[in-house]
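A short write-up of the structure that comes next.
Bear in mind these aren't lab numbers, they're just calculated from the coordinates by the rules spelled out. Predicted model, so just to flag it, every value in this text is computed and none were measured. FYI the Cβ positions are ideal-geometry reconstructions off the backbone, even for glycines, and counts take in every protein chain you see.
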Amino acid sequence: MKKSALDHLLDWSGRILLAAILGFVLLPFVVVAIASFNDGAILSFPPKSWSFRWYANAFEYRDFGSGLVNSLRIAAIGASIALIAGAGFAYVFNRYDFMFKRLLNTVLMSPLIIPNFTIGLGLLILSAAVQLPRSIWLVIAVHVVIVLPFVVRSVYVSLKNFERRYEQAAESLGGTPLHVLLTITLPLLLPGLISGALFAAILSFNEFTASLYVVNQRTQTLPVAMYNYVREYADPTLAALSVIYVAAVAAMLLLVHKFFRLEKVLNVD
Amino acid sequence: MSKRPFLGWFASPSILIAFGIAASFLAIVQFSLRAHVPGALDPGGFTLDNFTTLWKTVYGKAFVTTVLLCWWTALFTLLIGYPLAYAMVRAKSARLRSAILLISLTPLFLGEIVRTYSWMIVLGNRGFLNATLMQLGVIDRPLDLMFTMTGVVIALVHFTLPIVVVMLAAALSHIDRNLERAATSLGAGRIRCFLTVTLPLSIPGIVAATSTAFAWTFSAFATPQMIGGGKVQTISTLVYQVGFASFNFPLAASLSLVGLLFTIAVLALFNTGIRKLERIGAH
Amino acid sequence: MLTEISAIAPQDTRDDVAVQIDGVSKSFSGTVALEPIRLKVRRGEFLTLLGPSGCGKTTLLNLIAGFLEADEGELFIDRDLVTQVPPHQRKIGIVFQNYALFPHMSVAQNVAYGLRTRRVPKAETAERVREVLALVKLEDFADRRPRQLSGGQQQRVALARALVVRPRVLLLDEPFSALDRNLRSAMQVELREIQSRLGLTTVFVTHDQSEALSMSDRIAVMSRGRIRQIGTPSQIYDRPENHFVSTFVGDANLFAATLLEKTDATASLDIGKTRLSLTTFQEELPEPGPVTLFVRPEQCSLTGLDQPGAIAATVALSVYQGSYAELHLDCSVAENGRVMLRVPASEAMEPGTNVGIALPERGPAIYTTTERET
């Protein structure tokens, strides 16, 4: 097919626009990477001399270490609880009619609309009212509330696409409901369950605003520790940590992409 | 025959969590109706004072600022996100599509802090942008980007972009390509085909993406807090400040409550819009 | 081969009725899917539920399988009341349209599934799986995954999986519709052979009338949640009891007529200006008045316009079909304005030719016009 001059113009302006937008998306990460190797304690562009000292500092700073441990624990426990509760709810919501079904759904999905600072404030006030200590379990509770809707969605989509005939075939072959659940339903839903839990864990690991309301010195998460660092110090330590963060997330995404194809997970295929 | 196996077992954990959510909502409502006792964390008696206090300029200004931020962010995110989503779905090379997907989605999994901090380095007075522009001689004194609406909007657009791209790409990928082929076969050029077929069919996706952009911007805290630095006061930063600087939790609660009601109203508006649009494109 | 069959054949032969459906009905949120149905499936019989989509045939199958619960009525399998029995205790076998082979299990594991749920000892399970895979000629595919098989092979696995548990009834839910045409007829023959060798009571659901006619011992034609006629394929084709069955099964020419007089099975009627006297197979004819006269294309023939009883028509289109040609005729007294009949390919005619249609004196049926429905 022969292309007209207009076609060429469209093609090229499209390419330039795309490159500009991708540049905008990548810009802060490139800049932060450059800044992380800046030797001086005060940022300057371009850096006058280079060093790795801020990376060393990032590893040594104790709040980051304890924040990472807290964040990993909270993400693991929170995602597990959200997976159990969310998958269970998605199942009954998909399969059954029961009293207050819609109300329950509205309440559980409401954190998608309620701003995180409101969720944090609400659970903070609630825990104070019932005199719960501000332990790590309070942070986990906040995270479960926030990530649950995403697990429910992910599992619900898998269930909607699930071929009920598999279960019916298994039932006709003598499988009790529990046997069918364990040998047919669960194994076939596994990709949806895993991606839901993974998504929940990532969201929880990154959650900042609501956490800020409910953590204390002992339970602070990595994002909160990072926020507190920026407020106190202006050196590029956080730039170094950001680079590690970006690299870790990108590596993980590439891995997920290999196994699941992100297009499928995000429904843009 | 047991017609609903596992109902109790599977529903119980989520019912428990739903009670927790409902209780914390009620806690906010309850606190918003209590008096603030300076110096004490426990609230006083019941009163409507918190809501009358909200009429003060500082709170009204925060509302206006928040709405403006939402509007500008949504607008620019859409303008940037649509071409990106379009390229992500339609690029001819599969590798390019994958690359666009990974680049535009990675920020989604980075959290607010890393992204906002990176923008602080870009936008600061001695930051990347100002340093570069000054060295190139384009400007002779730094642009005011930190602590301004402009800076906050730039960072918020970056923050909101990935989710908007995902939603637009989902909408675009579900448009039947044969409709475009039909338009082309009827003599429509590429621009006309886009304007008369693709764009109209993606409007429900655009509205949905706009409403999500709005909700994200509204609840954004780290970006206005760190880049606005107290100069750009939004509802989210104000709630935090009222709560943790003055320990006036009743006022923080009423502020959040009004903010929440506002969000719900706006999203409901979007929702009716989406429903109407879906009815027009009735399948 | 004999031992293999005896191993799989159902042993219970207490009486002659394998499935009995007594006034079973079903509605979905106020919409009636199935009016109260009465139906007996004989032991070893191949019974087909035939009807257009939405006629309730799949609902009925799901009720027999236990995937749906009847609103009222009772259901017996081998004289056991199973109305309230969950599917996993009904001891039935089912093959679905898309086979529903468990994708995470091998062929052998799929087939063994029903034996595992019944806690059949391992050695016996292996033996029976081997036997039934031999029966469907898939011995060499035991370790494959379902997606590695062709459509026909997948269907055999589905059949083997249903057969290995020695079901009391085999239910088939449009199992051939996913296969291409040649494979379909091969599989139909194979399935019918296995079914009759095992003497397995089978309920088969399809919307394909030729499939129903060629495979069934009996056919129940359904529409709008009711059974409209039940009988052998030739009874259904040659003696449709009502307007719906006559048009749904096979091709039909319908004429608007006025019934003048009736005595037993003989009727005198007017079609346009033509007066005819006919003998039908029907036991009861409608009351005199406007009626629909039904004639199969092969019962019609061409004749001169001047012949007595000839109905005037004009050739609109002649469709070549290989061994014969279909003549589509414009005819003012036909109910939809068209009549179709088949002639040897050599006798095809040019459009525009005026012809006369001769109706047989025996064979056509007369229905009340108001009964038209789809």
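See the values below:
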read-out: For the range B:118-229, convex hull volume per residue from C-alpha positions, Å³; value: 129 Å³
read-out: Descending semi-axes in Å of the range A:1-122, equivalent ellipsoid built from Cα gyration tensor; value: 43, 34, 13
read-out: C:S332-C:E190 pseudo-label distance in nm [points 7 Å out on the Cα-to-Cβ vector]; value: 5.6 nm
read-out: Size of charge dipole - chain B - debye, nearest 20, with Cβ of Lys, Arg +1 and Asp, Glu -1, no other charges; value: 920 debye
read-out: GNM top mover of A:I34, A:I77, A:I42 - chain A, alpha-carbon springs below 10 Å; value: A:I42
read-out: Förster-model FRET efficiency, 56 Å R0, A:T106 and C:R79, C-beta, rounded to 0.05; value: 0.65
read-out: Sequence ranges C:95-107, B:73-85, B:156-168, ranked by mean other-Cβ count within 10 angstrom, highest first; value: B:156-168, B:73-85, C:95-107
read-out: At q = 0.17, 0.21 Å⁻¹, base-10 log of I(q)/I(0) for the range C:262-335 (Debye sum, equal scatterers on each alpha carbon); value: -0.79, -1.08
read-out: Most to least packed among A:225-231, C:46-52 [average Cβ atoms within 10 Å]; value: C:46-52, A:225-231
read-out: Long-range amide H partners of C:F204 with built H, under 5 Å; value: C:L47, C:T48, C:L49, C:L172
read-out: C:C55, B:C193 arranged by Cβ crowding within 10 Å, fewest neighbours leading; value: B:C193, C:C55
read-out: Rh (Kirkwood; distinct C-alpha pairs) - the range C:150-225, Å; value: 13.1 Å
read-out: Residue among A:D97, A:D63, A:D11 with the largest mean-square fluctuation in a Gaussian network model of chain A, springs linking Cα atoms under 10 Å; value: A:D11
read-out: Selection from B:L260, B:F244, B:S98 lying farthest towards where the dipole of the range B:54-282 points positive, charges on Cβ; value: B:S98
read-out: Within 10 Å of each Cβ in C:102-115, the average number of Cβ atoms from other chains; value: 3
read-out: Ellipsoid equivalent to the range A:162-202 - semi-axes via the Cα gyration tensor, in Å; value: 26, 9, 5
read-out: All-pairs Cα distance distribution in the range B:1-127, expressed in whole percent, bin size 10 Å; value: 9, 15, 21, 24, 21, 8, 1, 0
read-out: Peptides C:117-123, C:81-87, C:167-173 ordered by average Cβ neighbours within 10 Å, highest first; value: C:167-173, C:81-87, C:117-123
read-out: Distance cut-off 31 Å, percentage of C-alpha pairs in chain C lying past it; value: 47 percent
read-out: Estimated dipole of chain C in Debye, rounded to 20 [Cβ of Lys and Arg +1, of Asp and Glu -1, Cα centre]; value: 1600 debye
read-out: Kirkwood estimate for the range C:108-255, i.e. one over the average of 1/r between Cα atoms, Å; value: 17.1 Å
read-out: Integer Hz, Karplus 6.51/-1.76/1.60 couplings in order for the range C:36-51, x for Gly and Pro; value: x, 10, 10, 7, 10, 9, 6, 4, x, 7, 9, 10, 10, 9, 10, x
read-out: Principal-axis tilt of helix C:181-198 within chain C, Cα atoms, nearest 10 degrees; value: 60 degrees
read-out: Shielding by partners - mean other protein chain Cβ count within 10 Å, residues of A:134-144; value: 1
read-out: Lysine pair number, Cα distance threshold 28 Å (strictly under), the range C:2-238, separation 8 or more or different chains; value: 9
read-out: Sites C:R197 and B:I203 - FRET efficiency at Förster radius 60 Å, r taken between beta-carbons, to 0.05; value: 0.50
read-out: Inverse of mean 1/r across different Cα pairs in chain B, Kirkwood, Å; value: 22.1 Å
read-out: Fewest-first ranking of A:K3, C:K91, using other Cβ atoms within 10 Å as the exposure measure; value: A:K3, C:K91
read-out: Ascending count of other beta-carbon atoms within 10 Å, so fewest first, for B:S98, C:S301, A:S13, B:S14; value: A:S13, C:S301, B:S98, B:S14
read-out: The range A:55-73 and the range B:175-191: distance between their alpha carbon centers, rounded to Å; value: 55 Å
read-out: Cα centroid separation - the range C:38-58 against the range A:188-209, whole Å; value: 47 Å
read-out: Point-charge dipole on Cβ atoms (K/R +1, D/E -1) for the range C:175-304, about Cα centre, debye to 20; value: 200 debye
read-out: Value at 222 nm in deg cm²/dmol, rounded to 500, when DSSP H runs of n ≥ 4 in chain C each add -39,500 (n - 2.57); value: -7000 deg cm²/dmol
read-out: Other-chain or far-sequence residues with amide H under 5 Å of C:T232's (modelled H); value: C:I219
read-out: Kirkwood hydrodynamic radius over Cα pairs of the range A:53-97, then Stokes diffusion coefficient at 37 °C and 0.692 mPa s, in µm²/s; value: 252 µm²/s
read-out: Dipole axis of the range B:63-166 (+1 Lys, Arg; -1 Asp, Glu on Cβ), positive-most option in B:F147, B:A87, B:L133; value: B:A87
read-out: Mean Kyte hydropathy of -1.0 or more with a Cα span along the axis of at least 24 Å, helices from DSSP in chain A; value: A:5-36, A:62-95, A:136-161, A:186-206, A:237-260
read-out: Selection from A:S13, A:V69, A:S51 lying farthest towards where the dipole of the range A:10-144 points positive, charges on Cβ; value: A:V69
read-out: 3J(HN,Hα) from dihedral phi, the range C:170-179, Karplus parametrisation 6.51/-1.76/1.60, rounded to Hz, x for glycine, proline; value: 9, 10, 10, 9, 6, x, 9, 5, 8, 9
read-out: Enclosed volume per residue, in Å³, of the convex hull spanned by Cα atoms of chain A; value: 212 Å³
read-out: Anisotropy class of the protein assembly as shown from Cα gyration tensor, a/c 1.5 cut; value: prolate
read-out: Average beta-carbon neighbours from other chains, 10 Å sphere, peptide A:33-41; value: 1
read-out: Choice from B:W216, B:W71, B:W55 with maximal GNM fluctuation in chain B (Cα, 10 Å cutoff); value: B:W55
read-out: Set of lysines with alpha-carbon distance to B:K92 below 25 Å, sequence-local pairs under 8 removed; value: A:K2, A:K3, A:K258, A:K264
read-out: Estimated D of the range A:118-269 in µm² per second, where Rh is the Kirkwood radius over Cα pairs and Stokes-Einstein applies at 25 °C, 0.890 mPa s; value: 133 µm²/s
read-out: Under the span-like rule (Cα at least 20 Å along the axis, Kyte-Doolittle mean at least -0.5), DSSP H helices of chain B; value: B:7-32, B:57-90, B:149-173, B:203-219, B:249-280
